[in-house]
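Okay, structure first, notes after.
The values are calculated or read from the model by the stated rules, or taken from the named source; none is laboratory data. From a predicted model like this one, the values you see are computed outputs, not experimental measurements. Every residue, glycine among them, receives a Cβ derived from its backbone with ideal geometry; neighbour counts consider all protein chains shown.
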Amino acid sequence: MSPSRSSSRIRYPARVACSRTNPILEPVWRVHSRGAFGMLVLGLLGVMAARFALARNEPVFTQTRQYSPTTGDTGAFVTRAFTLAGHRSNVELRIETDLSNASAYFNLALLAEDGGTGYDFGREVSNYAGVEDGESWHEGSARATR
């Protein structure tokens, strides 16, 4: 016969629920890491604001071209040289068309006059619209930005 738990001389550990193992309310590293993270976020926001304030945001080249597939012209052309002044940064290229239910693909290249680094890229512009089952729909845009 096995002894019952209450009559046994063996002391069993008290039953406890899940609780913290560390009696300290807030670890020191956690308090200091919050302040460091906050300073890092403020510094990052400061750098972003400075870059935004120092951006030139000025057009360096604008040209209007007209293309007609009936003339047999490929539409290829070379622009005049233009200068990107200021510090080294990003360049935005914008293509605006009057396409309606059509698409066009543009092969573009930005080349340095001195034979330095060149950037070759392409952009598709398509603009379609119509009515189906009494509801109008629109797909694409007549503009593209890169």
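A few points about this structure:
- Just so you know, in the stretch 95-146 the residues that are among the charged types (D, E, K, R) and part of a loop (DSSP other than H, G, I, E, B) include one that is surrounded by the most Cβ atoms within 10 Å (Cβ to Cβ), and it is 146.
- Conditions (1) of a type outside the set (Ser, Thr, Tyr); (2) touching a residue at least 40 places away in the same chain (Cβ under 8 Å); (3) under 27 Å from residue 54 (Cα atoms); number of the one not met by residue 98: (3)
- Residues of the stretch 33-49 satisfying the condition of being closer than 17 Å to residue 87 by Cβ and either among the β-branched types (Val, Ile, Thr) or at pLDDT below 90 (or both): 47
- Residues of the stretch 105-146 that turn out to be closer than 15 Å to residue 81 by Cα and more than 27 Å from the chain's Cα centre (by Cα), as a count: 4
- Any hit, the stretch 77-94, residues being in contact with an Asp or Glu (Cβ under 8 Å, 6 or more places away or on another chain), assigned to a loop (DSSP other than H, G, I, E, B) and closer than 27 Å to residue 141 by Cβ: no
- Residue within the stretch 103-113 that is modelled with pLDDT of 80 or more, more than 22 Å from residue 59 (Cβ to Cβ) and of a type outside the set (A, V, I, L, M, F, W, C) present: yes
- The stretch 49-87: number of residues that are more than 21 Å from residue 112 (Cα to Cα) and of a type in the set (Phe, Trp, Tyr): 2
- Selection of the stretch 70-89 for residues being within 30 Å of the chain's Cα centre (by Cα), at pLDDT below 75 and surrounded by 10 or more Cβ atoms within 10 Å (Cβ to Cβ) yields 86, 89.
- Any hit, the stretch 54-69, residues being out of contact with any strand residue (DSSP E or B) (no Cβ under 9 Å at 6 or more places or on another chain), at pLDDT 75 or above and either at positive phi or not in a loop (DSSP other than H, G, I, E, B) (or both): yes
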